[in-house]
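Notes for the one structure printed next.
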Amino acid sequence: MSFDYINALLKKPTTRTPIWVMRQAGRYLPEYRATRKQAGDFMSLCKNPELACEVTMQPIDRFDLDAAILFSDILTIPDAMGLGLYFSEGEGPKFERPIQTLADIEAIPAEVNNDLTYVFDGVSTIKSALGTRAPLIGFSGSPWTLATYMIEGGSSKTFAKIKAMLFNEPQMLHLLLDKLANSVIAYLDQQVQSGADSLMVFDTWGGVLSKQNYLDFSLDYMQKIVSGVKAKHPNTPITLFSKNGGKHLGEISATGCDGVGIDWTVELGDVERQIGDKVAIQGNLDPAVMYATPEIIRAEVKKVLDQFKGDTGHIFNLGHGITPDVDPENMKVLVDAVHEFSAK
Ligand code: CP3
């Protein structure tokens, strides 16, 4: 079985530039909204392997995508750690019991895979549904990004609590990040054992840190994850994505990962010249282009593709998730344009 998505990550020859889209299964699709309604709410959907499989397959059935991504959330690990995850309408994720003290961190169980069997059942269910149609991406959050939600108690604009801990009690934060890194390694290992063909680590909030703090509090732990997972699964490609991480791409590409995700604030051509000899690059159309007309979307796709000079090593994606109010027809325009313009 040979997939363009996996080949591009390994810098092997491809038939055309592969594309998948972050949040490709989600609220912009009416069939997703219907299944979510049937499940009751978002977390019930995540915790039901059959329904999670159904929504994972929805964009694969509708568009000519080159990879499927497990339908789940990065906050499953903190939920399994006992923090009480819930989603309040319009406000995003929240925790009933956020991390506040050293005792809270010490109380976190070392091993949480037992409470995440629904995720691994989801992976194997999706894997059978996919067959040889497309490879399956498993994922987790980065320790730093998970810790922001666990300490802030939800989304944050200032990151006041976690940054206060970083400066006042750095060893305490390191203890939490280390526990998270170990849980993430076990979680990703089990996803591969259940059928994931490739892995991605989402570091949505790494970009809010200064250079040195990014290296010490975010990248170091992602490096640990890459080494830990590669020790068990040397052939499973791993992509790291630090949103707003454009200033750290040299360091990210030196972790031993296979792919680096980039957002739209950097130029793909510049990034290729900087790290393209070491890793594959995933990205990086501005997600707001999806609000434009089909003609403009096609023109913007061409601009991104033209920047990349290598024969392989580019995986097309948006620079962040597709937004809920995008017209699904524009997703078809996007996917087909990438394939049309990059066909060899
Ligand atoms: O990409 C995919 O299609 C796979 C599924 C996926 C989801 N979340 C589904 C989801 C993935 C990979 C994630 C990762 C995730 N979750 C991240 C990292 C990636 C990123 O976006 O930077 C983060 C930070 C989260 C935490 C989270 N979960 C947020 C901030 C939200 C949005 C809350 C809101 O109301 O907009 C979620 C919920 C979520 N995760 C949704 C989906 C489809 C929307 C839930 C719904 O149906 O209402």
Q | Rounded, prolate or oblate (a/c below 1.5 giving rounded, otherwise prolate when a/b exceeds b/c) for the stretch 142-294 by Cα gyration tensor | A | oblate
Q) What is the diffusion coefficient of the chain in µm²/s, taking the Kirkwood radius over Cα pairs and the Stokes-Einstein relation at 25 °C with a viscosity of 0.890 mPa s? A) 121
Q. Can you give me the Cα centroid spacing of the stretch 124-167 and the stretch 266-344 in angstrom?
A. 23
Q. When all protein chains stay in place, what accessible area (Å², nearest 10, 1.4 Å probe) is found for Ile162?
A. 0
Q.
Taking the full set of protein chains and a 1.4 angstrom probe, give the accessible area of Asp41 in square angstrom, rounded to the nearest 10.
A. 80
Q.
Just the number please: accessible area per residue for the stretch 186-344, 1.4 Å probe, all protein chains included, in Å².
A. 39
Q. For the chain, with only Lys/Arg (+1) and Asp/Glu (-1) charged at the beta-carbon, what is the dipole magnitude about the Cα centre, in debye rounded to 20?
A. 380
**Q.** Gain upon complete extension [Ala129, Phe42; 0.36 nm per residue less C-alpha separation]
**A.** 29.2 nm
Q) With respect to the cross-link table entries Lys302/Lys332; Lys302/Lys344; Lys37/Lys332; Lys179/Lys224; Lys179/Lys211, which display a Cα-Cα separation exceeding 18 Å? A) Lys37/Lys332; Lys179/Lys211
Q) Roughly how many nanometres apart are two label points built 7 Å out from the Cα toward the Cβ at Ala231 and Thr265? A) 3.4
Q. Is the shape of the stretch 258-320 best called rounded, prolate or oblate, per the rule: a/c under 1.5 gives rounded, else a/b larger than b/c gives prolate, else oblate, with a ≥ b ≥ c the square roots of the Cα gyration tensor eigenvalues?
A. prolate
Q | Cβ-Cβ FRET estimate between Ser155 and Ala343, R0 fixed at 51 Å, reported to 0.05 | A | 0.80
**Q.** Amide hydrogen neighbours beyond the local backbone of Phe202, cut-off 5 Å, H modeled
**A.** Ser140, Gly141, Ser142
Q.
Using only the alpha carbons of the stretch 59-120, what is the convex hull's orientation-averaged projected area in square nanometres?
A. 6.3
Q: Report the net charge of residues surrounding Ala110, where surrounding means a beta-carbon distance below 13 angstrom and charges are Lys +1, Arg +1, Asp -1, Glu -1.
A: -3
Q: Lys and Arg at +1, Asp and Glu at -1: add these up for the other residues within a Cβ distance under 13 Å of Gln223 and post the number.
A: -3
Q: Might you report the magnitude of the Cβ-based charge dipole of the stretch 168-253 about its Cα centre, with Lys and Arg at +1 and Asp and Glu at -1, to the nearest 20 debye?
A: 120
Q: For the stretch 1-154, state the semi-axes of the equivalent ellipsoid (square roots of 5 times the eigenvalues of the alpha-carbon gyration tensor), sorted largest first and rounded to whole angstrom.
A: 30, 19, 14
Q: Please give the per residue accessible area of the stretch 1-118, computed with a probe of 1.4 Å over protein heavy atoms only, in Å².
A: 45
Q.
Please compute, over every Cα-Cα pair in the stretch 69-208, the percentage with a separation greater than 28 angstrom.
A. 20
**Q.** Of all DSSP beta bridges in the stretch 4-343, antiparallel share, percent nearest 5
**A.** 15
Q. Counting other Cβ atoms within 10 Å of each Cβ, which GluC sites (Glu not before Pro) in the stretch 255-339 have at most 15 and sit in a DSSP loop?
A. Glu267
Q: Report, to the nearest whole %, how much of the accessible area of the chain belongs to carbon and sulfur atoms, 1.4 Å probe, protein only.
A: 50
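The values are calculated or read from the model by the stated rules, or taken from the named source; none is laboratory data. Because the structure is a prediction, the values reported are computed rather than measured. Methodologically, a virtual Cβ is constructed for each residue, glycine included, from the backbone with ideal geometry; neighbour enumeration extends over all protein chains shown. Note: accessible area is taken over every heavy atom of the protein model, side chains too, but ligands, DNA and RNA are not part of it. Shrake-Rupley method; radii C 1.70, N 1.55, O 1.52, S 1.80 Å.
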